[in-house]
Structure formats: structure tokens, C-alpha cells
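Asks: Below are the C-alpha cells for one structure; questions will follow.
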Amino acid sequence: MTAESNRSADTGRQQTWASGDYARIGNLWILVSESLCESVGIVPGRRVLDVASGSGNAALAAARRMAVVTGLDFVPELVQQAKVRAAADRLEVTFEVGDAERLPYADASFDTVLSVFGVMFVPDQQRAAHELARVLRPGGRIGLANWTPDGFMGQVFGLVREYAPSAPATPSPTEWGTEPHIHRLLGRHVTSIDTAERHWTFRFASTNAFVEYFRNNFGPVNRAFSLLDMGGQRALTADFTEVINNANESGADTVVVRSRYLEVVAIR
């Protein structure tokens, strides 16, 4: 790829994630970040980096544990959302715009590096994994939460890739949600890797409410709909509805859907 095409692809990814209202999506799984912070054992005074921080869930969770926290995201609009949330919660967090493939920090700058449903979306997975380890001190911990390919959200991303393929093509982000791939990405950079399959539960009043919430607020789904004509939008709505109905554990009146994710704790 040329430098110009790289810039174009970067801009496209930024626009995708800036579309909709990611803060409303991130609010759905706030407790995933709280759980991850417990798993990695964040304590007061630890230097913590939240990579691809989105609207700041993991960074804010770490700050509640009195860590010294920096959050970094590729999308300026999401960084601004995170700053607003930190101010509202009266938490001290430094939020910056930056690229997970080129972290702007010196080697061994942090005690803990986190990413919740974030770094999994970078195009160059090997480079991002290297960067996570590079900025971590020896003995420090990496904590990740990544959607699995066979879970509900994995199926949603499969629909997005089917209806709105990325250009240029990029690896599936849900590969980060498989134990073998995590070992391929991080194995040579760390001394140990522990994984646990966990679930997050979505609750909506109806299937239609679920589809519309994601369509209006979640960047990748919003973009997929925006690229389609009316016929394509109806087809995507039908397929999305089918995925929800197949996963619904509640019945006809409401929607309760569990989605698997892989929690990863690695020690450098």
C-alpha cells in the first residue's frame, strides 16, 4: 500500500468509529472493564495504559482504583467523549489521540496495559501486539477483553464484513477472541498467558429496539447500513434480526442475548 492509500484507510476507519454514538454502545458493557481490572489486579499508584479506549470504560475503571491512567484512541471524537466522562465522574485520566500500532510512549512506560473490545480492531495485529508488550515493564500485565468469533458479537461482525467489506481487506478482529491466536500474537512477548471465556448479556425491550440501537449508535453497523440501498438495508435488517432471534434466551416479550468474549491476562 502507498502512503496515500494508508492515510485514506486510516481516515475511513476513524470515520467508521466516529459515526453513531459510541458512548451509548460502550455503556452496555461497562462492567466488562470493571471485571478485567479485578482480574489483572490493578492497585493504587500503578501506571495504566488503556489502548483503543473508546469512550473510556477501562481507563475510568482503572482510575476508580486510584491508578495513574492514560487512555489512547485513534478517533478524536471518542477521546473527547472519554474526557467528558472523566470530568463528570471527577476522575483524573489523561486521554490522548494516538495509534495502537505506533504507541507514542517509551519502552516499559506502564505497569499494566488494558484494552476492552478495542485493540482487536487494528489492521496490523502483530504490530499492535508487539506495541502492547513494548510499552509494558518486565513483570507487568496485559489485560484484554475480545469478542469471540462464534459468539453473538462475532456473528454481528460477520454480517458487517459481509455487507460492508473493508477496503483494503483486514484480518477478522474476532481472531483476538481465540486462545490459539492470542498465543500467536503475544506468546513471544510475554512469559505467561491466562485466558477465560466469559459472557456479556445484552437486554432490550424488543428485537427491533436492539437492531435500531446498534444501527444508530454502533459505528461499524451504522456504516454498513449507510453504504446500502434500501433493498440492502432491508436484507441486513432481516439477517441481523435472525441472529438476535436465534440467540434470544428470553422469549417473545423481551430480548436477552449472551455474547461470549475471551478475557486475557498476560505477564511480560
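Asks: How far is helix 3-18 tilted, in degrees, relative to the longest principal axis of the Cα atoms in the chain, given as a value from 0 to 90 rounded to the nearest 10?
Replies: Once rounded, one gets 70 degrees.
Asks: Moving to a separate point now. Could I get the Rg over Rh figure for the stretch 157-268? Both from C-alpha atoms, Rh via Kirkwood, rounded to two places.
Replies: Checking Rg against Rh, the ratio lands at 1.05.
Asks: Two decimals, Cα atoms only, Kirkwood Rh: what is Rg/Rh over the stretch 147-215?
Replies: 1.07
Asks: Then there is this: I'd like the projected area of the chain, averaged over all directions, using the convex hull of its alpha carbons. Report it in nm² with one decimal. Each step should come with its number before you reach the end.
Replies: On the way: hull surface 55.1 nm².
Projected over every direction and averaged, the Cα hull of the chain covers 13.8 nm².
Asks: Which percent, nearest 5, of DSSP beta bridges in the stretch 2-142 are antiparallel?
Replies: 5 percent
Asks: Considering only the chain, what is the antiparallel percent among its DSSP beta bridges, to the nearest 5?
Replies: Among the beta bridges of the chain, antiparallel pairing accounts for roughly 50 percent.
Asks: Using unit Cβ charges (K, R positive; D, E negative) and no other charged atoms, how large, in debye to the nearest 20, is the dipole of the chain about its Cα centre?
Replies: Dipole size: approximately 540 debye.
Asks: Can you tell me the FRET efficiency between Glu34 and Arg102 if r is taken as the Cβ-Cβ distance and R0 is 35 Å, rounded to the nearest 0.05?
Replies: After rounding to 0.05, the efficiency reads 0.75.
Asks: Find, among the trypsin sites (Lys or Arg not before Pro) in the stretch 109-203, those assigned to loop by DSSP (not H, G, I, E, B) with at most 16 other beta-carbon atoms within 10 angstrom.
Replies: Those satisfying the criteria are Arg188.
Asks: On to the next question. Dipole of the stretch 101-217, Cα-centred, from +1 at each Lys and Arg C-beta and -1 at each Asp and Glu C-beta, to the nearest 20 debye?
Replies: Computed about the Cα centre, the dipole is about 160 debye.
Asks: Then there is this: For all pairs of alpha-carbon atoms in the stretch 88-184, what percent lies in each bin of width 10 Å, listed from the first bin to the last filled one?
Replies: 14, 42, 30, 13, 0
Asks: Quick one: net charge of Asn222's neighbours, Cβ under 12 Å, K/R +1, D/E -1?
Replies: That sum, taken over residues with Cβ under 12 Å, equals +1.
Asks: Can you give the Rg to Rh ratio of the stretch 4-159, both from alpha-carbon atoms, with Rh computed by the Kirkwood formula?
Replies: 0.94
Any read-out appearing in this document is the output of simple, stated calculations on the displayed coordinates, not a laboratory observation. Since the model is a prediction, treat every value here as computed from it, not as a measurement. Using ideal geometry, Cβ is built from the backbone for each residue, glycine included, and neighbour counts are taken over all protein chains shown.
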